[in-house]
Amino acid sequence: MCGIVGYIGNSRALDILLKGMKRLEYRGYDSAGIAVRNHDEIETEKRKGRVDDLELDGLFDGNIGIGHTRWATHGKPSDENSHPFFDCTGSLAIVHNGIIDNFVTLKEELEMAGHTFTSQTDSEVIAHMVEEYYSGDLLDAVTKTVSRLKGSYAIVVMHRDHQELIASRNQSPLVVGMGTEENLVASDVPALLDHTNEVKYLMDGDIVRITPDAVFIRDATGREVDRETKVIKWTVEDAEKGGFEHFMLKEIHEQPKAIHESLLGRLVEFDEVDFARYDIRHINIVSCGTSYHAGLVGKYIIESIAGIPCMLDLASEYRYSSPPDIYPFTVFISQSGETADTIGAAKEARRRGCKTLGITNVLDSSLTREVDEVIYTQAGPEIGVAATKTFTTQLIVLYLMAIELGLQRGKLLIEQAETYRNELRKLPRRVEVLLNDTEEIQDISKRVLANAEDIFFVGRNINYPVALEGALKLKEIAYIHAAGYPAGELKHGPFALLTRETPVVAICVKDSTYEKMLGNIGEIAARESPLIGVGQEDHELEKLCDEMVHIPDIPPLFSPVLINVVLQLFAYYTAYNLGRSIDKPRNLAKSVTVE
Ligand code: G6P
C-alpha cells in the first residue's frame, strides 16, 4: 500500500513528482523517495519519513523521474527499505505498490545469478529482474519481468539510457495522465490533476510505454490496446483543503454537498441497477472498517424498508468461512474500491455463484471489475485517511437501494417511498444546520473526551453500528481506546469498566428502543460515568446526561446520518486538542491493498 508517480516531459520532474507524492501521501507515508534522470545519470534521494523530510539540495534537474511514498509491508520503514530501488549498476530504478508473493523464490534465483540486494523488501526483486532481462529494450525487459511476478503490483520503471517510462499493473491501481508534450502515471488522480484531467485507467496485466508525446499500451496477452480516455470533472482545489486546517474537517463539512450529489438524479428514478433481474431473497453485505459499519446500518435500512433479510461479513473473514447453502445477493462496500480483503471476498463470492454488487466512490477501481453491478457514491475525492463523507454517501446509496427493492417487492407503497425520498431530500439541509453550530461539540471534546483514556459509545437498533463507527473514528485519529456497544449489552461485562474516568457517549432517538435506552442510560449514570447524550431535544434524556448535543428533528430511520456527523466531529476535535496527525494517523492508510 503505497503511492507511486512518474513524470516525463519538458518541465523539472522533481517539482512535479514532489507535488504528486504529497497528494498521494494518504496512501502511506512512512518513507519517501525519488529518482530523476539527469544527463544520462539517475540521481536519487530516499529516506524514512514524509515527503517533506527528503533532502533535495542541489542537482535533480532532469525531466524524467519517478517518486514513491511508502506504507511498509515487507521490511520495516528505513532509508534502505525506501523506494526507488536500483539494479546492481544503478542504471535503472523502479517504484512499486503492492506485494510480490513469490519474492523469496525470485530473490534466491537472482542472488544465485550474482545480484546484490540492499533491502529487505519484496519490491527490490523487480529492479534486479528487469536488469537480468535487459538487453537494450526496456519494454521487453519489463514485460518479461512482470510475467514472472505473482501478487499485486503497480510499477514504474526508468532507465538512464531511455527517454521513456515503462509502467504496469496487476491488482494495484495505476492511472496514466495525458498532458501536452508531457505524460504522467500515478496511483491516483490527484497526483495528475495539476497537469491534465484526461486520464486512462490501466487494466490488470497492462504494460505501458510512456514518452513525452505518446502512450503505448499492451494488454496481458501482449496485444496493443487502447484504454478509454476519461475526463476527470473535479479539480485540484476539490482535493485541497480549501481553507480548512485539515482535509478531514473539510470533508466533514462537504457532507451536505456530497449527499446532494449522491442523490442527484436518483430520487425520481434509481435505475443504475436493474434489481428485477435478480432473485433477491437474502442480501449479504461484505466490507471492512468504516464501510463495514455502513453495511451494518444498511442491514437495518434494508430490512425495515425492503423487508429482505440481510447478513453481514467482514471481508477479511468472508473468504475463509464455509458458504451456507444459499446464494445471497452479495454487496461489497468499499470507498476506495481497492481494499484487498474486499476484492478477494468479491472474487470468492463469484466463485460461490452469488450475484454481486459493488458500492464504491472510485471510478473504475479494482472492485468494479470483480462484481456484476456497480453503484458509485458521489462523495468526490476524500483525502483524509479517516473516512467521513464516503461513509455518509454509502448510507445514501443503501437508502436508495432499499427503497427501490421495497417497491419492487411490493413491500413499499409508492406514497411511503415518496415519504422516504422526501426525508432524503431534507438531509443535506439538516446536516448543514448541524455543521453550522459545533461549539458544544468542540467544548465537550476538549473538556471531557480529550482527557479520557477509555471511552464508550453506546446506541441501540440502527444507531448501534453508528456507535461502533464513532468509537472507530476516535481510535483512528485521537489514539484513544474506545469501544462501541449496543447499550443493552454493557451490563453483560463492560459495566466492570465504568468509572468516573470513563466517559460514555449515548445515542438516543425516539425509536422502538427509546424507553429501554433511557433505562440503559440511567444504569450508566448510576455508575457515575460522565454521560454525553446525543439526540433530539428531549427533556428525559437531558435529565440523565451531564452533557448534551442536539441534532435537528429527524425520523429515527434517517438519524444515523446526523448522529454520525456529531461523532465525526467528536473524533476530530478530540484529536485536534491532543495535537494528533489528523489526516495521516500513525500506522494507517486510506486504502489497504494487502491482505
Ligand atoms: C482502511 C482505512 C479505513 C477504511 C478501510 C476500508 O483500513 O483506514 O478508514 O474504512 O480501509 O476501506 P474501503 O476503501 O474498503 O472502504
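Local charge sum around Gln171 (other residues, Cβ-Cβ under 13 Å, Lys/Arg +1, Asp/Glu -1)? Can you show the working numbers first?
On the way: positive: Lys150, Arg169, Lys347, Arg369; negative: Asp101, Asp204, Asp206, Glu338, Asp341, Glu370, Glu595.
Counting the neighbours of Gln171, the net charge comes to -3.
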Report task. Have a look at Leu531, Leu24, Gln255 and report the one farthest towards the positive end of the charge dipole of the chain, computed about the Cα centre with Cβ charges (Lys/Arg +1, Asp/Glu -1). Result -> Leu531
Query - Signed unit charges on C-beta, dipole axis of the range 400-448, positive-most listed residue Ile403, Val448, Leu427 - result: Ile403
Query raised in the report: In a shell of Cβ-Cβ distance under 15 Å around Phe60, excluding Phe60 itself, what net charge do Lys and Arg (+1) and Asp and Glu (-1) give?
Result: -2
Requested in this report: Can you tell me the order of 307-316, 2-11 when each peptide is scored by its average per-residue count of other Cβ atoms within 10 angstrom, highest first?
Outcome: 2-11, 307-316
**Report entry** Nearest-10 value in Å² for the accessible area of Glu240, using the 1.4 Å probe
**Finding:** 70 Å²
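Considering only protein heavy atoms and a 1.4 Å probe, what is the carbon-and-sulfur percentage of the accessible area of the chain?
Working: 10590 of 22850 Å².
Carbon with sulfur: 46 percent of the solvent-accessible area.
Kindly provide the Kirkwood hydrodynamic radius of the range 241-435 in Å, to one decimal, from all pairs of distinct alpha carbon atoms.
Details: mean 1/r = 0.0592 Å⁻¹.
About 16.9 Å, per the Kirkwood formula over Cα pairs.
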Requested in this report: Once you have a ≥ b ≥ c as the square roots of the Cα gyration tensor eigenvalues for the range 215-300, tell me rounded if a/c is under 1.5, and otherwise prolate or oblate according to whether a/b is larger than b/c.
Outcome: oblate
Query raised in the report: By Kyte-Doolittle mean hydropathy of at least -1.0 and Cα axial length of at least 20 Å, which whole DSSP H helices of the chain are selected?
Result: 289-306, 389-408, 414-436, 464-478, 559-577
Report task. Within the range 95-198, report the GluC sites (Glu not before Pro) that DSSP leaves as loop and that have at most 11 other Cβ atoms within 10 Å. Result -> Glu181
**Report entry** Cβ-placed point charges (K, R +1; D, E -1), dipole of the range 437-587 about Cα centre in debye, nearest 20
**Finding:** 580 debye
Report task. Express in whole angstrom the spacing between the alpha-carbon centres of the range 423-498 and the range 339-361. Result -> 30 Å
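Could you tell me which trypsin sites (Lys or Arg not before Pro) in the range 281-342 are loop residues by DSSP with no more than 14 other beta carbons within 10 angstrom of their beta carbon?
On the way: sites: Arg281, Lys299, Arg319; in loops: Arg281, Arg319.
Sites meeting the loop and neighbour criteria: Arg281.
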Query raised in the report: log₁₀ I(q)/I(0) of the range 349-464 at q = 0.19 Å⁻¹, via Debye over equal Cα point scatterers, no solvent, to two decimals?
Result: -1.25
Query - Rounded, prolate or oblate (a/c below 1.5 giving rounded, otherwise prolate when a/b exceeds b/c) for the range 445-595 by Cα gyration tensor - result: prolate
Report summary line: With the charge dipole of the chain built from beta-carbon charges (+1 for Lys and Arg, -1 for Asp and Glu) about the Cα centre, the Cα from Val466, Ser291, Cys508 projecting farthest to the positive end belongs to Cys508
Report task. Using θ = phi - 60° and the Karplus relation 6.51 cos²θ - 1.76 cosθ + 1.60, list the HN-Hα couplings for the range 180-187 in order, rounded to whole Hz, with x at every Gly or Pro. Result -> 9, 6, 7, 9, 9, 9, 7, 5
Query raised in the report: Can you run phi through the Karplus equation (6.51, -1.76, 1.60; θ = phi - 60°) for the range 216-225 and list ³J(HN,Hα) in whole Hz, with x for Gly and Pro?
Result: 10, 10, 10, 8, 4, 8, x, 6, 6, 9
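Express the accessible area of the range 241-435 per residue in Å², computed with a 1.4 Å probe while the remaining protein chains stay in the model.
On the way: 7350 Å² over 195 residues.
Dividing the accessible area of the range 241-435 by its residue count gives 38 Å².
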Query - Long-range amide H partners of Asn284 with built H, under 5 Å - result: Met311, Phe329, Thr330, Val331
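Rolling a 1.4 angstrom probe over the protein heavy atoms, how many square angstrom per residue are accessible across the range 437-587? Don't skip to the end; give the middle numbers.
Details: 5930 Å² over 151 residues.
I get 39 Å² per residue for this part.
Semi-axes of the range 379-427's equivalent ellipsoid from the Cα gyration tensor, sqrt of 5 times each eigenvalue, largest first, rounded to whole Å?
Working: eigenvalues 151, 25, 7 Å².
Semi-axis lengths for the range 379-427 are 27, 11, 6 Å.
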Report task. Please state the charge dipole magnitude for the range 3-236, taken about the Cα centre, from unit charges on C-beta atoms (+1 on K and R, -1 on D and E), reported in debye and rounded to the nearest 20. Result -> 780 debye
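Let me make sure I get this right: for the range 3-236, a, b and c are the square roots of the gyration tensor eigenvalues over alpha carbons, sorted descending. Under 1.5 in a/c it's rounded, otherwise prolate if a/b > b/c, else oblate. Which is it?
Values: a/c = 1.40, a/b = 1.15, b/c = 1.21.
Rounded, since a/c falls under 1.5.
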Report task. Please state the charge dipole magnitude for the chain, taken about the Cα centre, from unit charges on C-beta atoms (+1 on K and R, -1 on D and E), reported in debye and rounded to the nearest 20. Result -> 1220 debye
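Can you pull out the GluC sites (Glu not before Pro) in the range 472-501 that DSSP calls coil and that have at most 13 other Cβ atoms within 10 Å? Numbers along the way, then the final one.
On the way: sites: Glu476, Glu489, Glu501; in loops: Glu501.
Within the range 472-501, the qualifying GluC sites (Glu not before Pro) (loop, at most 13 other Cβ atoms within 10 Å) are Glu501.
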Query raised in the report: Across the Cα atoms of the chain, what radius of gyration and what greatest pairwise Cα-Cα distance (Dmax) are found, in Å?
Result: 25.2, 79
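The values are calculated or read from the model by the stated rules, or taken from the named source; none is laboratory data. Please read these numbers as outputs of a predicted model, since none were measured by experiment. Here the Cβ is made from the backbone with ideal geometry for all residues, glycine too, and neighbour counts use every protein chain on show. Areas reflect the complete protein model, heavy atoms only, side chains present, ligands, DNA and RNA absent. Shrake-Rupley method; radii C 1.70, N 1.55, O 1.52, S 1.80 Å.
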